[in-house]
Every structure is written in structure tokens, then in C-alpha cells.
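First comes the structure, then the notes that go with it.
The values are calculated or read from the model by the stated rules, or taken from the named source; none is laboratory data. Bear in mind that the values here come from a model prediction, so they are computed numbers and not experimental data. Ideal geometry is used to build each Cβ from the backbone, glycine not excepted, and the neighbour counts take in all protein chains shown. Keep in mind that these areas ignore ligands, DNA and RNA; they rest on the heavy atoms of the full protein, side chains included. Shrake-Rupley method; radii C 1.70, N 1.55, O 1.52, S 1.80 Å.
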Protein chains: 2
Amino acid sequence: MESQQIEQGLQFSPKFDADGLIVAIAQDADTGEILMVAYMNREALDRTIETGRATYYSRSRGRLWTKGEQSGHFQTVRQILVDCDQDCLVLKVAVDAGQCHVGYQSCFYRALKPASKIDLEFTAEKTYDPEAAYKAGKS
Amino acid sequence: MESQQIEQGLQFSPKFDADGLIVAIAQDADTGEILMVAYMNREALDRTIETGRATYYSRSRGRLWTKGEQSGHFQTVRQILVDCDQDCLVLKVAVDAGQCHVGYQSCFYRALKPASKIDLEFTAEKTYDPEAAYKAGKS
């Protein structure tokens, strides 16, 4: 498909990388907060579209995982956006519980301190107890 | 570094992939809109921190590029967030002009139509004329 068509057209043709994966960003549909970033293969994307629940491909575990399958903290997909060259997705999701396995609402709970290259500071507080939510595994 | 320290500690230790790159998401600091997704190598990240202007690594061009170097549509970095396993960055940026080279404010100007796997619809309108902004190249 030509670049013009990929960028300006209305045919969804997600570009998976050499490993068959595409970056998918989960963004809270209500607050705009970026919750997490993961990868999808074609199967994960299809399942997400079909079920309305975000399903990703875990590179470390080598299998599909539906976010929340262990913790119960699912993502209900309201909208799937694609970028200009169709190699990245944004999922606008509704959530009713913390999304990061460490216990925070978002995986992005730390920021670089101003003018520092090495020191982080916390920018959020934990919203749930991961020990209680995760019986086995992390999702 | 141990997982516990990477996830809960306050030392910034970004994990670059086998190609020396890390995913960086530019998010409008004021509106929360996700503007674009690109990659940084260590040098791009250092330059971004030092200058306060977002600089990425272009995989297609094989060189650093400061967003806006051609178009004038720079990103002023207000905050750099890192996720739990430190393999992804969010840059909260201030912008005063459209960020996508196609002419939109954000690269995510299309969404999958509800219940479709192949049909997109536009979710935004162009905010500037890319022909006028880009004299040579795209950034």
C-alpha cells in the first residue's frame, strides 16, 4: 500500500514489526491518563476488537494475555486509534481499578526530577494492593 | 539491577532494546492528547534532557532529529515519565502548532469504526498546511 493511502486513507492496515508486533498504548478514555504500553500481534488485536476487552501479546511469556485475567482489572475498549503510518495504536479504555501490577493506577508513576538525568521522583500514590489482587502472575 | 529496584526505586535506568532504542510517547501536557510515538537512543534522550526540546532517533533516516527542526513545530518538554519496568517513556510536552507531518495536531487522527476490523474514520481535522510548513523533510 502506498504511503499516501496509509496516511490519508480509511483502510485499517496495521503495520506489524519483524516480530509480528505493534505498540499499543492504553489511555484512560475519561481522564486522558496514559495507563500502560504493551504489544499486540494480529491475534491479540483481533481478540480485542471481537471481545471489547484489551488483549495483548506478552513477549516475556510468549502468549496472549487479556489485561485483568489475573487481577480482575480489565480494560473495556471504547475506541482504537491508529497513527499516521499505522505502526502504533492507542486504545481508549474504561477502567474501574488500578492498571499497573505494582499497585498504581498507571505504570507511569515516576518522573525524572527537573534538571536531573538520573534521579526519579514519585508522581502518584498506589491505588490498590497488588498482593491481594494478583493470585498468580501479573496482568 | 533487580526488578524490585527498577520498579520501586528512584534511580532512572532506562532499558534500551537490542537496537539501543526506547519507545517515547509525546503527550500534550495541557490537554492530555497523545501527539506522536517515536524512538530515542541514549544520545537523543540526553539531548532532550539537556535542551528541553524533544529529540528522537529516526530509524528510517538513521540519525537524531529534533521534532520541529524542519517545520518549526517544536515540543517543549515539561516532564519525562518512565513506566514500571523502565522500558518506555512519556514526554509531557507543550506545543503551539500541529505535530503530525500530515497536517493534524496529533498523529492519531483516525479510529477504527465501531464493530469493524478494517474501516477507519477520521476523528480530527487538519490544523495546518504541511506543504507550507515543511520545506524539506519531515519533522
Using a 7 Å offset from Cα along the direction of the beta-carbon, what are the separations from B:D46 to the same position in each other copy, nm, ascending? 4.6
Please report the residue of chain A with the smallest beta-carbon distance to the A-to-B rotation axis, and give that distance in Å, no decimals. A:G32, 1
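Please state the shape class of region B:58-139: rounded when a/c is under 1.5, otherwise prolate if a/b exceeds b/c and oblate if not, all from the C-alpha gyration tensor. The partial results should precede the final answer.
Working: a/c = 1.71, a/b = 1.10, b/c = 1.56.
Oblate, because a/c is 1.5 or more while a/b does not exceed b/c.
Can you give the % of DSSP beta bridges in chain B that are antiparallel, to the nearest 5? Don't skip to the answer; put the middle values down first.
Numbers: 20 of 26 bridges.
The antiparallel fraction comes to roughly 75 percent.
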7 Å from Cα along Cα→Cβ at both B:A18 and A:A94: what's the point-to-point distance in nm? 4.1
Rounded to two decimals, the Debye log10 I(q)/I(0) of the protein assembly as shown (Cα scatterers, no solvent) at q = 0.11 Å⁻¹ is -0.61
For the pair A:K113 and B:T76, how long in nm is the line joining their label points, each one 7 Å along Cα→Cβ? 2.5
For region A:77-120 and region A:3-62, what is the separation of their Cα centres, given in Å? 14
Of all the accessible heavy-atom surface of region A:5-86, with the other protein chains kept in place and a 1.4 Å probe, what percent is carbon and sulfur? 43
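How much accessible area per residue does region B:1-125 have, counting only protein heavy atoms and a probe of 1.4 Å, in square angstrom?
On the way: 5440 Å² over 125 residues.
Accessible area per residue: 44 Å².
Beyond 31 Å between alpha-carbons counts as too far, so tell me which of A:K117/B:K67; A:K15/A:K126; A:K67/B:K15; A:K67/B:K126 fall in that bin.
A:K15/A:K126; A:K67/B:K126
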What's the buried accessible area, both sides, between B and A using a 1.4 Å probe, rounded to 100 Å²? 4100
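Rg over Rh of region B:17-65, using C-alpha atoms and the Kirkwood radius, what does it come to?
Details: Rg = 11.2 Å, Rh = 11.3 Å.
Result for region B:17-65 is an Rg/Rh of 0.99.
With all distinct Cα pairs included, what does the Kirkwood hydrodynamic radius of chain B come out to in Å, to one decimal, could you say?
Values: mean 1/r = 0.0619 Å⁻¹.
By the Kirkwood definition, the hydrodynamic radius is 16.1 Å.
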Inter-site label distance for A:Y128 and B:E43 at 7 Å from Cα along Cβ, in nm: 4.4
